[in-house]
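The values are calculated or read from the model by the stated rules, or taken from the named source; none is laboratory data. Quantities reported herein were computed from a predicted structural model and do not represent experimental measurements. Here the Cβ positions follow ideal geometry from the backbone for every residue, glycine too, while neighbour counts run over all protein chains shown. Please note that ligands, DNA and RNA were not included when accessible areas were found on the heavy atoms of the full protein model with its side chains. Shrake-Rupley method; radii C 1.70, N 1.55, O 1.52, S 1.80 Å.
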Amino acid sequence: KMSSEAADLRQRKKQNCTESDKMAPEERNKENSKLGRSPKYMLIQRFAKLFFGCLAAVTSGMMYAVYLSTYHERKFWFSSRQELEREITFQGDSAIYYSFYKELLKAPSFERGVYELTHNNKTISLKTINAVQQMTLYPELIASVLYQASGSEEVIEPVYFYIGIVFGLQGIYVTALFVTSWVMSGTWLAGMLTVAWFIINRTDTTRIDYSIPSRENWALPYFACQVAALTAYLKKNLNCSAEKFCYLLVNASTYTFMMMWEYSHYLLFVQAVSLFLLDSFALAQTEKVHEVYKIYLFSLFLGYLSQFENSALLVSPLLSLVAAFMLSKCLQMNMKKGTFMSRLLKIMYIYLVLTITVTLNFLLKMFVPHKENEHLLKFIEVKLGLNTTKNFTMNWLLCQESLQAPSQDFFLRLTQSSLLPFYILVLIICLFSVTQVVFRRICGEPLKETVKLEDGRIGERPEIVYHVIHTILLGCLAMCLEGMKYLWTPYVCMLAAFGVCSPELWMTLFKWLRLKAVHPILLALILSMAVPTIIGFSLWKEFFPRIMTELSELQEFYDPDTVELMTWIKRQAPVAAVFAGSPQLMGVIKLCTGWMVSSLPLYNDDDLLKRNENIYQIYSKRSAEDIYKILTSYKANFLVIEDSICNEVGPVRGCRVKDLLDIANGHV
């Protein structure tokens, strides 16, 4: 029975594709004949619109990449510095990622370099690690292969090649946001406004300024491509060739995104929840949501194999949700329509899926051996006030700026650039329209096959509903943790730009207001052009001079103490020496000198977190004998004390390293 229903589903899908492919030209021809336009004229017009839109999208991405490169050069005087001074600009975990890229290039062969990374015992004392798995070094593997295979050794220095790839990916990121807004609104004017808002609010949209090699800078461009392809894939009346192309792009970008960032499955889980709610209210084609869930399953399977059987993917909430969704669909398909049980299942569908998801995730964590970010779960408990702790690591994480609630300055910056007011306006209109559609669906009213401009029903478009749910979920996370704003703000830019440039959104508003004095369709078309134009000119007048000043201003980044320390280590320290100190500084020492260190600034490994806490004891009130025992237990020969920690004046009370250690040790 299941196979016959699946076959019917595929047959219906093929029929729908062929019907839409046949109907689209016929409908366009009828419309053109009414307007007195020839099909040839319309074809040229569509091609010109597509060509100039693609040109604008690609140009925006390239200009942004050039802008980042120029700003980086001005900020660090990169081209005029020695190699050591350049490497010092990579701080904390960024230094570690780039150091492994250097090691790969120094290896006699790529295979040998990969082997040394997967069996690495030259980085952390008394510890052999699989650096590729533990630190998600696939970006560095790809960068090193491209650098050597393209014969770039004689053309460009490794550091320029590396940061050039990252800046290029940021250009793709911006292009993908441009395309998403364009697909939703139907005009590439929305894409231009998205890019403008993204660049103006760069402080809150990306961490590229001060953490180039971070994993999200490699991963989020692929997620943006996936979202762009998914937006087009969810559209109604999409022809078969476009649907297949979008499906393949979603497939490729989902898997790539999962390989680039260890926390990618959490972001995909948020997306999966959005699609689940979209399907639960019958606002999208069920088979399309089903296909996307299959992509998640396929990507998780490939990721598990590619990432050395990464157990974190097996116990991820994404896998549990996908399995629960598919199981619930199987139950629905096996039940006869119209029966009491089928009606009850339809009513209890959301509750059923959530219950199965939680139960399955609990069972997987019981039976699958894993060390899947246990400290992350403890952190969430403490953050939500469900638990209290004196643990140094937990309190130190809670004190990090990125894990605090967003400051008032964040909302003030978004308001000054006019982004937040327009986002709230667009979100409210879309949310009310979606609510209306959901009530109609509950009352049994079917969705329209094609939503026309005069209908004023923007909430019936599945891609719009998906983005509304997605931004609300990401926004809730951003309100709790400031670091999440880098995931939320880019899509705020995109949704706000789509809204002000969409005639459908204005028409939806005018339908509610019941305008009679002016023709609502004409007014909607005028406003969808006039409002973004006015916003664009005001942004140009206020922010363009600031951006140009930023690029023309020569800044200076120089740290003579760190340069002196690295130079001394290279000249004076024995080759077998082990250095101890704060994890952030140890990352820089590893990159600039290659010497072994006792700890690293990585927070996904319980053993490393414990090491970091033990090494930090040098700043506590514990006795010299205790400190000596700790350091010698890690075979440390040299200890680096930092004035910045000794004389720390933290912005948050009780968040100095010394204070946290005293609380953890019971000295205060």
#### Entry: Isotropically averaged projected area of the range 44-166, using the convex hull of Cα atoms (one quarter of hull area), nm²
10.6 nm²
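Over the chain, average the accessible area per residue using a 1.4 Å probe and give it in Å², no decimals.
On the way: 32600 Å² over 668 residues.
Heavy-atom SASA per residue in the chain reads 49 Å².
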### Query
By accessible area of protein heavy atoms, probe 1.4 Å, what ranking do C480, C501 get, highest first?
C480, C501
### Task
Using the charge dipole of the chain (Lys, Arg: +1 at Cβ; Asp, Glu: -1 at Cβ; taken about the Cα centre), state which of A636, I380, Q555 has its Cα farthest towards the positive end.
I380
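Ignoring any ligand, DNA or RNA, what whole percent of the accessible area of the range 129-176 comes from carbon and sulfur when the probe is 1.4 angstrom?
Working: 1130 of 1720 Å².
The C+S portion of the solvent-accessible surface of the range 129-176 is 66 percent.
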### Query
Taking only Cα atoms, what is the 0 to 90° angle, nearest 10, from helix 485-501's long axis to the longest principal axis of the chain?
20 degrees
### Task
Run through all the Cα pairs of the range 546-643 and give the fraction in each 10 Å bin from 0, expressed as whole percent.
14, 40, 26, 11, 7, 1
### Angle in degrees between helix 583-593 and the longest Cα principal axis of the chain, rounded to the nearest 10
80 degrees
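How big is the shadow of the Cα convex hull of the chain, averaged over all directions, in nm²?
Numbers: hull surface 137.6 nm².
Result: 34.4 nm².
Translational D (Stokes-Einstein, µm²/s) of the range 167-551 at 25 °C and 0.890 mPa s when Rh comes from the Kirkwood sum over C-alpha pairs?
Working: Rh = 22.4 Å.
The diffusion coefficient I find is 110 µm²/s.
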### Query
What list of ³J(HN,Hα) values in whole Hz, one per residue of the range 594-609 in order, does the Karplus curve 6.51 cos²θ - 1.76 cosθ + 1.60 (θ = phi - 60°) give from phi, with Gly and Pro shown as x?
x, 6, 6, 10, 8, 7, 9, x, 10, 10, 10, 9, 5, 5, 5, 4
### Query
Whole number please: convex hull volume per residue of the Cα set in the range 198-332, in Å³?
130 Å³
### Message
From the C-alpha coordinates alone, can you work out the Kirkwood hydrodynamic radius of the range 86-147, in Å?
### Response
11.9 Å
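Using the per-residue mean of other Cβ atoms lying within 10 Å as a proxy for protection, in what order, highest first, do the peptides 260-268, 460-468 fall?
Highest to lowest by the protection proxy: 460-468, 260-268.
Assign one of three labels to the range 487-619, namely rounded, prolate or oblate, based on the Cα gyration tensor with a ≥ b ≥ c the square roots of its eigenvalues; rounded applies when a/c is under 1.5, prolate when it is not and a/b is larger than b/c, and oblate otherwise.
Values: a/c = 6.12, a/b = 2.67, b/c = 2.30.
Cα axes put the range 487-619 in the prolate bin.
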### Entries of K485/K590; K127/K590; K127/K635 with Cα pairs more than 21 Å apart
K485/K590
### Task
Give me the angle, in degrees from 0 to 90, between the Cα long axis of helix 2-35 and the longest principal axis of the Cα atoms of the chain, rounded to the nearest 10.
70 degrees
